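> Submitted below is the structure of interest, expressed as structure tokens.
The values are calculated or read from the model by the stated rules, or taken from the named source; none is laboratory data. Keep in mind that this is a model prediction, so the values were computed, not measured. In this analysis, Cβ positions are derived from the backbone assuming ideal geometry, glycine residues included, and neighbour counts consider all displayed protein chains.
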Amino acid sequence: MNRSVAVIWKSVPADLPDQLKRSVASGLARRAGRAPTLLFFRADDVGIPSAQLNRMLETFHRTGVPLSLAMVPAWLTRPRWTAIQNMAKGSAPRWHWHQHGFRHYNHEVCGKKQEFGPGRSPHQIHHDLNAGRSRLAAITNGRCADFFTPPWNRCSPETLAQLRHLEYQGISRSRGARPRSPQGLPDLPVTLDLHTRRDRNPQSGWAHLLAQLNQDFSMGYCGVMLHHQRMNRAAHCVLELLLQLVVKNKDIRLVHLGQAAATFSAGHF
């Protein structure tokens, strides 16, 4: 697994707190008079306890912001689940545990990485979906939601069809992901990537991130993708700053993926 730290986290602007406030405030101002902006955070590649995971969970616990945790079934064991639960300080309703592939393994011999891509047969896809779902259900005692995040935010049309047939509650990929999710399978995409970034330099990276944050808040929907393995001290500090900025804002509705899917299904955004 690539655990490199994005270039923006190696050089954080001294006035970033003010820039964040302006970006969020400006985006919300452009939305004045309409429904609150829907905001969720999704943490990927969860399954192995670590100091970085612990710090991220502590930050969300302390601020009270909901967090959707995409867990890799093959990585999770009962002792690891117990350790992660201790880090999360129990079964607070803010946590939304769900399935992140099966082994987080790339099966494609060419093209972009995918675990549930066109290189897999329907039987292989069905087996891995069920194996992952069953493993998480057994280890977590049914605490894992029937929600699916495909590794690398990509999957095949066959995978989407099987998720719908298996009555999963929803899927979360990247904004603009193709193919489109079938009717009955809400797709709640992440729109802002904090850690698996490929910015050329810190300056352009921060400019792009702040502009995207502003645009998402003005449009009324923002899904933030996190990867704790790629977070350094600066990334943790800025995440806490962002959570403190949004948690008490009446123009922002903080949700986890399950709550967002219910809102989507009801046609409220």
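> Would it be correct to say that A51 is within 21 Å of Q212 (Cα to Cα), modelled with pLDDT of 95 or more and out of contact with any helix residue (DSSP H, G or I) (no Cβ under 6 Å at 6 or more places or on another chain)?
The answer is no for A51.
> What are the pairs, 6+ residues apart or on separate chains, where a residue within region 238-259 that is closer than 24 Å to W206 by Cα and at pLDDT 95 or above has its Cβ under 9 Å from a residue that is acidic (D, E) and not in a helix (DSSP H, G or I)?
Pairs that qualify, where the first residue is closer than 24 Å to W206 by Cα and at pLDDT 95 or above and the partner is acidic (D, E) and not in a helix (DSSP H, G or I): there are none.
> Another question about this same structure. Considering region 158-196 alone, what residues qualify as being assigned to a loop (DSSP other than H, G, I, E, B), among the aliphatic types (A, V, I, L, M) and more than 29 Å from F217 (Cβ to Cβ)?
L166
> Mind checking which residues of region 35-90 are in contact with an Asp or Glu (Cβ under 6 Å, 6 or more places away or on another chain) and of a type outside the set (V, I, T)?
Of everything in region 35-90, those that are in contact with an Asp or Glu (Cβ under 6 Å, 6 or more places away or on another chain) and of a type outside the set (V, I, T) turn out to be P36, A70.
> How about region 72-95: which of its residues are of a type in the set (S, T, N, Q) and in contact (Cβ under 8 Å) with a residue 12 or more places away in the chain?
Within region 72-95, T77, S91 qualify.
> Test L194 against the stated conditions and say whether it is of a type in the set (A, V, I, L, M, F, W, C) and without any contact (Cβ under 8 Å) to a residue 40 or more places away in the chain.
Judged against the criteria, L194 is not a match.
> Does any residue of region 219-239 turn out to be outside any strand (DSSP E or B) and among the aromatic types (F, W, Y)?
no
> So the check is Cβ under 8 Å with 6+ separation or different chains; which pairs have a first residue in region 4-16 that's in contact (Cβ under 8 Å) with a residue 12 or more places away in the chain and a second one that's basic (K, R) and loosely packed, with under 14 Cβ neighbours inside 10 Å?
A6/R198; V7/R200
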